1. With respect to Leu126, is the statement that it is in a helix (DSSP H, G or I) and within 16 Å of ligand 1 (Cβ to nearest atom) true?
2. Quick check on this structure: which one of Leu329, Leu366, Leu359 is at pLDDT below 95 and of a type outside the set (Phe, Trp, Tyr)?
3. Which count do you get for residues in segment 328-370 that are more than 15 Å from Lys135 (Cβ to Cβ) and not small (Gly, Ala, Ser)?
4. Assess whether Thr189 counts as being assigned to a loop (DSSP other than H, G, I, E, B) and either touching a Cys at 6+ places or on another chain (Cβ under 7 Å) or within 16 Å of ligand 2 (Cβ to nearest atom) (or both).
5. Is one or more of the residues making up segment 168-183 in contact (Cβ under 8 Å) with a residue 40 or more places away in the chain and within 13 Å of ligand 2 (Cβ to nearest atom)?
6. What about Ser155, is it within 16 Å of ligand 1 (Cβ to nearest atom), of a type in the set (Gly, Ala, Ser), farther than 17 Å from Ala93 by Cβ and out of contact with any helix residue (DSSP H, G or I) (no Cβ under 9 Å at 6 or more places or on another chain)?
7. Filtering segment 108-123 down to residues that are touching a strand residue (DSSP E or B) at 6+ places or on another chain (Cβ under 6 Å) and within 24 Å of Thr159 (Cα to Cα), which residue is farthest from ligand 1 (Cβ to nearest atom)?
8. Please find, within segment 192-207, the residue that is farthest from Gln160 (Cα to Cα) out of those that are more than 16 Å from ligand 2 (Cβ to nearest atom) and of a type outside the set (A, V, I, L, M).
Amino acid sequence: MKRKPVKKARRAAPPLRAKVKQPRVAGRTAAAGQPVARALASVGLDVREKLRIYRYMVLLRSMDERMLSLQRQGRIGFYGSTYGQEAATLASAAALERQDWIVPGLREAFTMVLRGYPLGPWLAQLFGNRADPSKGRQMPSHQASRSVNQVSWSSVIGTQLPHAVGVAYAAKLRQEPVVVAAYLGDGATSSSAFAEALGLAKRLAAPVVFCCQNNHWSISLPLSRQTAETRLTKKAEAFGLPARRVDGNSIDEVYLATRAAVEAARAGGGPSFIELVTYRLGAHSTSDDPTRYRDQKEVDAWLAKDPLARAKRELIAARAWTDAKDKALMKESEAAVRAAVAAVESEGPPDPSTLFEDLYAEPPALLAEQQAMLAAELAAEPRVRP
Ligand SMILES: Cc1ncc(C[n+]2csc(CCOP(=O)(O)OP(=O)(O)O)c2C)c(N)n1
Ligand SMILES: [Mg+2]
């Protein structure tokens, strides 16, 4: 992921509307699911569910901090953090049902853990070792598991979106009550696949909710320079999709908007689009240094809107949380991450014979020959064996 170094700090991204409106029914056009959606939106978010989401946000923050440190120590090769986007990521995923699918962009690997996936194999994927369910074949941070209905990040920007429409359309053809959450960044709205996916989704009335994390940056390119139309909802409306813009750092707004859109899609209302307005507080990835292109003042302004601090304040105000409990949760989360690292890091590399698995039910003769050759080489040169 190379980028040209930019010497001058860029102009700050355009400010948000001072006040983001209360959640309302997804979209403006009539959709079959609207009564359900309206009912849900007026109920509000249960404080116990909000607390559950917050706990995972804290765990994700601990994970991000620890993994950045491990990457700098050379213990993992690469990491993409969700720093600053925890509410947008986890509160939207929490609005899905178990049978729903997540097709992520670049920030949503940890939604798997929220949906019940264990920390151990999730972490082992970063080490690419013997405990990694993807057998060391994927770039780190590209976790996936059928057990929680989630495919891996799409690092090729935008290409996940037509796939997500395909998954949703398949569910529709099978008459299954499945909705697909298709995540994307603000930058992905400028990809050709975005146009293909939204046009197709509308035409097929596919049950897909496009969850766009507008974090204001596409690596070193600010929103104002990568797209002429910075109100991303307008881009979705151009394809006939109902579109909402919400405060992506508010658990309540994200959850309620996503829930309404998901239930509308499930009830046959077709696709919709949600712009989650948030901010990438950290680097694009461990291969990036944002101090070379970004004004610290802009970062500081968003640090004051940190979704974790905000959720903590709101939960304390609702008498559902205390400072003491919060301190204990921080410690507990850090300890959980450290324990999971300790449990998987020492695993050796995947067995070389696994290179030949998973592609063919019956390997062709040429592949079988190569497998035998590798086995013979390894037997003759045991030092290269894991
Ligand atoms: C098709 C394609 N073009 C360019 C890139 C290089 N690239 C990687 S991430 C990125 C920016 C993505 O920005 P955005 O969609 O806003 O997601 P964010 O990283 O902010 O979550 C780019 C241009 C790529 N991976 N794929
Ligand atoms: Mg972005």
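1. Details: in a helix (DSSP H, G or I): yes; within 16 Å of ligand 1 (Cβ to nearest atom): no.
For Leu126, the condition - in a helix (DSSP H, G or I) and within 16 Å of ligand 1 (Cβ to nearest atom) - is not met.
2. Matching residue, one of Leu329, Leu366, Leu359: Leu359.
3. First pass over segment 328-370, keeping only residues more than 15 Å from Lys135 (Cβ to Cβ): 328-343, 345-346, 360-370.
Those still in the list that are not small (Gly, Ala, Ser) too: 329-332, 334, 337-338, 341, 345, 360, 362-364, 366-367, 369-370.
Count: 17.
4. Against the criterion (assigned to a loop (DSSP other than H, G, I, E, B) and either touching a Cys at 6+ places or on another chain (Cβ under 7 Å) or within 16 Å of ligand 2 (Cβ to nearest atom) (or both)), Thr189 does not qualify.
5. Yes, the conditions are met somewhere in segment 168-183.
6. So Ser155 fits the description; yes.
7. Top of the filtered list is Met112.
8. Result: Arg203.
The values are calculated or read from the model by the stated rules, or taken from the named source; none is laboratory data. Quick caveat: nothing in here was measured; it's all calculated off a predicted structure. Note that each Cβ is placed from the backbone with ideal geometry, even for glycine, and that neighbours are counted across all protein chains shown.
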